[in-house]
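Okay, structure first, notes after.
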Amino acid sequence: MQKIILTGDRPTGRLHVGHYVGSLKERVRLQNSGQFDQIFIMIADAQALTDNAHNPQKVRDNILEVALDYLSCGIDPQKSTIFIQSQVAELTELMFYYMNLVTVARVGRNPTVKSEIKMRDFKTSIPLGFFVYPVSQAADITAFRATAVPVGEDQLPMLEQCREIVHSFNATYGDTLVEPQVILPQNKACLRLPGTDGKAKMSKSLGNCIYLSDDEETVRKKVMSMFTDPNHLRVEDPGQVEGNPVFAYLAAFSRPEHFAQFWPEYKDLDELKAHYQRGGLGDVKIKKFLNQVLQAELAPIRARRAHWQARLPEVYEILKQGTQQARAVAAQTLHDVRAAMKINYFEDK
Ligand code: TRP
């Protein structure tokens, strides 16, 4: 069986360093591992519209931003197919058939759907399209016969629901769909990067994100004003690393090479942590180090962004061709699905 990746993001804003360590970096690693036969990266504009129906311009503008974020992180259009969800109509038809295999109660129990409904304060006015987006996501994944889906931790319930749909479909209509495995980042610190203010998650509305497209000075300012341990008032006080976002970022980004290069007094993060916990180490020094680490990681990303930013017609062409390729693959799956469901009337002699 072929090894195939499908994954994607909603184009509702520029991608930030939480997206990067939580999933983008892993996708690039998998892409370059040479272990996959096909890789599809989808800009999920149709899914973005499920809670932005009245703001299509925002979704439209962010398609290009997300495409630039992908290319600047090292997604290589020679190795990966980048495409736009809404332009692959086959996905919608698949979803319509899968919806018959899922109950309202089951979607209502999906933890990600539940928490997103709360976050958006929908109360009793949940758009139906939003409510059923886990089924749409199952269509995205199965249309490409994906065996692996590299995503952030928050997407686990989506994958679980997708696998249930695959089982149900195959049990009802015969073996047709492929069951996907989720791939999470290997470093646990990368699973959920807190905001620069220490809140659990980076979110545009909270203004606590460091974006991949931020310039050097913006990143520095954001790092230097990060929340730390509020009880660490004097340098000599013992500091706390738990719940301290500066240490969460260091755990996600720093490697022993960074210490060797920028701060050779410490061998690695454990040594730095120990000193902070003992007391005698000020926050400003640590933030300066974090800034150096982040700048080292972001500099090549920034350079590639500038490259593609100067070639927007090429980016447009990459999306157009990727979408054409994706459509052909999804059409084949839809053909097989219709045959399995016995709704291929005009083909059936
Ligand atoms: N829900 C994902 C997000 O919010 C985007 C997405 C849509 C996706 N369809 C997908 C991710 C299929 C993986 C597989 O970012």
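Considering only residues of the range 72-86 that are assigned to a strand (DSSP E or B) and open to solvent by less than 10 Å² (accessible area, probe 1.4 Å), which is farthest from the ligand (Cβ to nearest atom)?
Let us first name the residues in the range 72-86 that are assigned to a strand (DSSP E or B), namely 81-84.
Okay, now just the ones that are also open to solvent by less than 10 Å² (accessible area, probe 1.4 Å), so 82-83.
On the way: Ile82: 13, Phe83: 12 Å.
Here the answer is Ile82.
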Qualifying positions in the range 307-345 - outside any helix (DSSP H, G or I) and within 30 Å of Ala171 (Cα to Cα): Met341, Lys342, Ile343, Asn344, Tyr345
Considering only the range 215-224, I want to know if a residue exists there that is loosely packed, with under 14 Cβ neighbours inside 10 Å, at pLDDT 95 or above and part of a loop (DSSP other than H, G, I, E, B). yes
Out of all the residues in the range 121-138, which are touching a residue at least 24 places away in the same chain (Cβ under 8 Å), among the β-branched types (Val, Ile, Thr) and open to solvent by 20 Å² or more (accessible area, probe 1.4 Å)? Val132
Flagged in the range 139-156 as in a helix (DSSP H, G or I), open to solvent by less than 10 Å² (accessible area, probe 1.4 Å) and within 7 Å of the ligand (Cβ to nearest atom), in numbering order, are Asp140, Ile141
Of all residues in the range 87-111 being open to solvent by 10 Å² or more (accessible area, probe 1.4 Å) and of a type in the set (Ser, Thr, Tyr), the one that is nearest to the chain's Cα centre (by Cα): Thr92
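Residue check: is Lys118 closer than 21 Å to Asp154 by Cβ, touching a helix residue (DSSP H, G or I) at 6+ places or on another chain (Cβ under 8 Å) and open to solvent by 50 Å² or more (accessible area, probe 1.4 Å)?
Numbers: closer than 21 Å to Asp154 by Cβ: yes; touching a helix residue (DSSP H, G or I) at 6+ places or on another chain (Cβ under 8 Å): no; open to solvent by 50 Å² or more (accessible area, probe 1.4 Å): yes.
No.
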Within the range 3-19, of all residues that are away from the ligand (no atom under 13 Å from the Cβ) and at pLDDT 95 or above, the one most open to solvent (accessible area, probe 1.4 Å) is Lys3
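Condition check: within 11 Å of the ligand (Cβ to nearest atom) and of a type outside the set (Lys, Arg). Does Ala105 satisfy that?
no
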When both residues are 6+ apart or on different chains and their Cβ atoms are under 7 Å apart, which pairs have a first residue that lies in the range 247-273 and is free of Cβ contacts under 8 Å to residues at least 24 places away in the same chain and in the same structural domain as Asp283 (by TED's automatic domain parsing), and a second that is open to solvent by 10 Å² or more (accessible area, probe 1.4 Å) and in a helix (DSSP H, G or I)? Lys267/Pro256; Asp268/Pro256; Leu269/Ala251
With Asp37, Asp61 as the choices, which residue is touching a strand residue (DSSP E or B) at 6+ places or on another chain (Cβ under 9 Å), acidic (Asp, Glu), away from the ligand (no atom under 16 Å from the Cβ) and open to solvent by 60 Å² or more (accessible area, probe 1.4 Å)? Asp37
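For the range 48-58, what are the residues that are surrounded by 22 or more Cβ atoms within 10 Å (Cβ to Cβ) and closer than 30 Å to Ala303 by Cα?
Ala48
Being aliphatic (A, V, I, L, M) and within 16 Å of the ligand (Cβ to nearest atom) is the filter here; which residues of the range 157-176 pass it? Explain how you work it out, then say what you get.
Of all residues in the range 157-176, those aliphatic (A, V, I, L, M) come to 158-159, 165-166, 171.
Residues satisfying the conditions are Met158, Leu159, Ile165, Val166.
The values are calculated or read from the model by the stated rules, or taken from the named source; none is laboratory data. No experiment lies behind these values; they were computed from the predicted model shown. In this analysis, Cβ positions are derived from the backbone assuming ideal geometry, glycine residues included, and neighbour counts consider all displayed protein chains. Side chains included, ligands, DNA and RNA excluded: accessible areas come from the protein's heavy atoms. Shrake-Rupley method; radii C 1.70, N 1.55, O 1.52, S 1.80 Å.
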